[in-house]
Structure formats: C-alpha cells, structure tokens
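Here it is: the structure, laid out below.
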Ligand SMILES: N[C@@H](CCC(=O)N[C@@H](CS)C(=O)NCC(=O)O)C(=O)O
C-alpha cells in the first residue's frame, strides 16, 4: 500500500503527480494525506514519527516511511518503470538525475530562503536581505530551467511526463510568491501550461486545490 503525505502546493506535488501517473499506467492506487503546513501539522508527534525532519513529502510503503523527494522518486521509478517517469538508458537517466538533484538541492532551498527566511536568520533586517538576495538568485535559476525546457515537446523528455515536469511547474508557481511574474519566462510559462493540462498533473492540482497563477502585481 502506498500513502503520500503532502502539503498543498508544496514540493510534495512532485511525487503526488508521479503517483497519479503510476495509477494511470499500472492501476496501482495510493492514499493521499494532506498535511497543513501553515497550521504546523508537520510538527505533530505523529507526523515527526514518520518524518523526523518535519517536512513533506513522506511516502509510506506498506507501513514504512521513505523521505526526501529524490529518494522517493528514485524508488517509484525503479518499482514502476512502465510509468516512464525517467529515461531508462543509464547515461540518460544519470543526466536526468543530475538536473533533478539540482532542482531539489539548489533551486528549492533558494526559494525556501525567500519564503521562510526565519529558518535561516534572526532579525528583520537580515531576513529582508536574505529574501532580496535569494529572490534575485531564484530568477537566475528559473532562467536556467527555461534554457533546459526550451526544446521540450511537449514535456521535459518528450512524449512522456517526468518528475522534472512536476518540479518545474512547482518552481515557476512558487516564483509568484517571490514576486516573480511568470510572463518574464514566456517559454517556461507556455511549457508549464502544457504540463498542467496533463491528466496526472490536473488530478494532483485538483486534489491539492491549487491554481497555476500565484503572481500578483505589487
Ligand atoms: N529535501 C527535502 C525538502 C522538503 C521540504 O523542503 N519540504 C517543505 C515543503 S516544500 C516543508 O515541508 N516545509 C515545512 C517546514 O519546513 O516546516 C525533500 O526533498 O523532501
């Protein structure tokens, strides 16, 4: 049995979309548990028992928890290769993991500095500086992703949806919360609209009750 603990709109969207794609490809269903991050539900004793970092996502497989997006997605891909969520040829797969790891270990934490500066510094002035500096860095990182997806037709690796598509959507969507207008990245924005229309992505967005557009003019 597969259970996903996710936060609406959070990075857990990546395995959430993957589980929808796996369900469509194999019939294997999953149970989705919402964790309300703004209410601190990730820090309850029950949740910390399955994810001591107090973060989403957690995938529980037959009662055993697995944490970290990269590990969860690697597990799902190896268990359900027929879903085609990563390239299968070893070198292409390794290159795909390299891009995926960069989104997870660099772009994602850059946004965390903008969204939750209180995790990284005391004092309002330092936090404001962290937000400003990392929002500018985040813009450059989104531009790098746009460079990668410029030839995406229709998705990151071609005809089949990959983990990368769900992460790329999430990162551009988060940009709105950092004051970044997605229209500044026209190719990326058009690609994300295609990704959002994929049935697995649309199903996860509906369950999470999230919209693509998060940017509002200041
Ligand atoms: N490296 C972790 C990052 C997970 C993470 O940053 N999760 C965020 C949501 S996007 C979270 O749960 N934040 C809640 C908190 O820190 O209180 C992973 O890959 O799973």
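Just so it is clear, none of the values below were taken in a lab; they were calculated from the coordinates. The structure presented is a predicted model; accordingly, all values stated were derived computationally and were not measured. All Cβ positions, glycine included, derive from the backbone under ideal geometry; neighbour counts span all protein chains shown.
Against the conditions (1) within 18 Å of the chain's Cα centre (by Cα); (2) surrounded by fewer than 14 Cβ atoms within 10 Å (Cβ to Cβ); (3) under 22 Å from residue 175 (Cβ atoms); (4) within 12 Å of the ligand (Cβ to nearest atom), where does residue 143 fall short? Just the number, please.
Failed condition: (4).
Among 120, 115, 111, which is farther than 20 Å from residue 21 by Cβ, out of contact with any strand residue (DSSP E or B) (no Cβ under 9 Å at 6 or more places or on another chain), surrounded by 13 or more Cβ atoms within 10 Å (Cβ to Cβ) and free of Cβ contacts under 8 Å to residues at least 12 places away in the same chain?
Of the residues listed, the single one that is farther than 20 Å from residue 21 by Cβ, out of contact with any strand residue (DSSP E or B) (no Cβ under 9 Å at 6 or more places or on another chain), surrounded by 13 or more Cβ atoms within 10 Å (Cβ to Cβ) and free of Cβ contacts under 8 Å to residues at least 12 places away in the same chain is 120.
Given the criterion touching a helix residue (DSSP H, G or I) at 6+ places or on another chain (Cβ under 6 Å), crowded, with 19+ Cβ neighbours inside 10 Å and within 22 Å of residue 19 (Cβ to Cβ), identify the matching residue among 166, 178.
None of the others qualify; the one that does is 166.
Tell me, which helices (runs of 4 or more DSSP H) lie completely within region 24-127 with 3 or more residues that are within 12 Å of the ligand (Cβ to nearest atom)?
69-79, 108-115
Tell me yes or no: at least one residue of region 77-92 is in contact with a strand residue (DSSP E or B) (Cβ under 8 Å, 6 or more places away or on another chain), more than 27 Å from residue 138 (Cα to Cα) and surrounded by fewer than 16 Cβ atoms within 10 Å (Cβ to Cβ).
Checked region 77-92: no residue is in contact with a strand residue (DSSP E or B) (Cβ under 8 Å, 6 or more places away or on another chain), more than 27 Å from residue 138 (Cα to Cα) and surrounded by fewer than 16 Cβ atoms within 10 Å (Cβ to Cβ).
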